[in-house]
Amino acid sequence: MKKTLWGIALWMAASLATAVPPPPTAERGGTPVSTPINMQRKVALVIGNGKYQNQPLPNPPLDAQAMTIRLHELQFETGYTLIDADRTAMLRGLTDFRERLRGAGVALVYFAGHGIQMEGQNYLIPTDNDMQQEDAVKYNAIKLQDVLDELERSGAPVKVVILDACRNNPFGRNRGGGGGLAAVSNAAQGMLIAYATSPGNVAIDGRPGENGVYTAHLLNALGQPNLTIEDVFKRTRLGVAQATRGKQIPWETTSLTGNLVLRPIGAPTGTMTAAATVSSDAVVGAARSARPGRSIKDDEFRDCERCPTMHVLPAGRVQIGSPETEPGHHLGEGPQKEVTFAKPFAIGKMEVRFQEWEMCLLDGGCTHWPQDNGWGRGNRPAIHVSWEDAQHYVNWLSKKTGYTYRLPSESEWEYAARAGTRTARPWGDDIGNGSARCRDCGASTNRPGTSEAGAFPANPWKLHDLLGNVWEWTQDCHSPDLRDIPQNGLPTTLGDCSRRTLRGGSWDTAAKGVRSASRSAYPVSRREDNIGFRVVTELE
């Protein structure tokens, strides 16, 4: 049997992917699903291509980003989200997806971008396909039927393919490539194929900077409780038809059996905005000085439902920097000086996580979609965020809550990291084994990548991951040593403000750099997979 081009690429790359063992409840072979869908393991591949050289599309990357967030809420494993993917990246993503499908109950593929039909076959177009010569297009594209065949071979009982890919025909209707996509007539059992518009027609992309019309309605339908997957698409179809006055009618082909509910009653719901709610717990401890309306219990609070959990630190003093005798010390960690905090303040209990960053993104306060390197999102610290990106986040958070948030100063950060200790690390002078995520912090922590926030023990002030996992941005303009650090604990504007100071070390840092006094610096626009941040807020 002749192998498809995609099949060959999958075979060559299979050894590079990580297989996920099947859960004991997963059924195989396309049989009806008896276990509730929310109990099945769900795996998704999300692709949003817009940066085409000759026919750019403004909205597919935004559509893919929003869809990834929604699918995370529905407990899908998404792996890499492919944004503006060329053919190599798409093949690599499909290979990874194939490996992750093992044992899955639900498999979902979402593609937003250019899609065309040629001679009755549908093709998904990578960004490096110049779409200039019609006969050559299909040789540098992904054949939809290959994707469908691979889904069928996976054995997942439920297979869903969503194609927001009928936005226009790059060749025009007078050429061999037809307008829109062709209907798939041979879908496998247990498969649903959803099109943004009816076969042969063209979908409306929407205004630049917004989600496409189809994906916007689909996102909101996926946010509603107790809808079967067929009802989700029916609701989407009605919404799109009304919004376009009948010019665009979404279409599905399905052979699903049973009533499959992605969001059962009792699961979180909502449209793609963040809802602010404040706890009603009584004010206690050092937080009694907080503003009226901010409710705090056990010295912790959140100012909205998806806001970071903040922990109140007492007024006090700290000696920042390290002595020359401390292993790993460098000149930038001196001269040591005492800093006084006259009032309590609050700092994030953990780094800002992907799930919190994504609320800012959906609410319009943040514009950057940070990749996760395939390590996971949700409860992991947001990475690939610059100091400038972090400013967007704290400005949004301040506006949303009515309280002023910012990045911590260097001295606030070190005060929190030391938590009343004078040793190199809050647990002692030695790195120990398994106390933090770094390059040589113990056998269980040596693999590349971040850990989930809070995976390691808290310091004496109940704060997690100040050392290791990710370097953390501070508000301070960078100075080569500590001479410019104010003794009142506030951020400094002296030094080089085009570079900002980082603290704490990361998963990629040697143990000698994972100390309370460790500091580094990067340009304000730099994004790396070992950099994140946490926030502070004043209480008065």
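Read the figures in this text as sums done on the coordinates, not as results from a lab. No experiment lies behind these values; they were computed from the predicted model shown. Cβ sites come from the backbone with ideal geometry, for glycine too, and all protein chains shown count toward neighbours.
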Quick check on packing: order 239-248, 225-234, 373-382 by the mean number of other C-beta atoms within 10 Å, highest mean leading. 373-382, 225-234, 239-248
What distance in nm separates the simple spin-label points at T367 and A342, each placed 7 Å from Cα in the Cβ direction? 3.9 nm
Rounded to the nearest 0.05, what FRET efficiency do A188 and L331 give with R0 = 41 Å and r taken as the Cβ-Cβ distance? Could you check? 0.05
Taking other Cβ within 10 Å of each residue's Cβ, how do T493, T474, T81 sort, fewest first? T493, T81, T474
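At a Förster radius of 30 Å, what calculated FRET efficiency corresponds to the Cβ-Cβ distance of L238 and D149, to the nearest 0.05?
On the way: r = 32 Å, r/R0 = 1.06.
That pair, L238 with D149, gives E of 0.40.
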If one computes the Cα centroid of region 62-118 and of region 352-405, what distance in Å separates the two points? 22 Å
Between rounded, prolate and oblate, where does region 356-501 land on the alpha carbon gyration tensor, with a ≥ b ≥ c its root eigenvalues, rounded for a/c under 1.5, else prolate if a/b exceeds b/c? oblate
Region 41-254: relative contact order as a whole-number percent, Cα under 8 Å and 6+ apart: 20 percent
Which of M39, M359 has the fewest Cβ neighbours within 10 Å, and the rest in rising order: M39, M359
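Taking the highest mean first, how do the peptides 457-468, 497-508, 522-533 order by number of other beta carbon atoms within 10 angstrom per residue?
Working: 457-468: 20.8, 497-508: 23.3, 522-533: 19.2.
Per-residue Cβ counts within 10 Å, averaged per peptide and sorted highest first, yield 497-508, 457-468, 522-533.
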In what order do T325, T401, T88 fall by count of nearby beta-carbon atoms within 10 Å, going from fewest to most? T325, T88, T401
Return the whole-Å distance between the Cα centroid of region 209-242 and the Cα centroid of region 437-485. 41 Å
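Could you list, in their original order, any pairs among K349/K462; K297/K462; K349/K399 whose Cα atoms are separated by more than 19 Å?
K349/K399
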Going Cα to Cα from K343, which aspartates and glutamates come in below 15 Å? Please leave out same-chain ones fewer than 8 positions away. D299, E412, E538, E540
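How big is the dipole moment of region 41-254 about its Cα centre under a simple scheme where the beta carbon of each Lys and Arg is +1, that of each Asp and Glu is -1, and everything else is neutral? Debye, nearest 20, please. Working shown, then result.
On the way: 22 positive and 22 negative charges, 81 e Å.
Dipole size: approximately 400 debye.
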Can you tally the net charge around D481? Count Lys and Arg as +1, Asp and Glu as -1, for every other residue whose Cβ sits under 12 Å from the Cβ of D481. 0
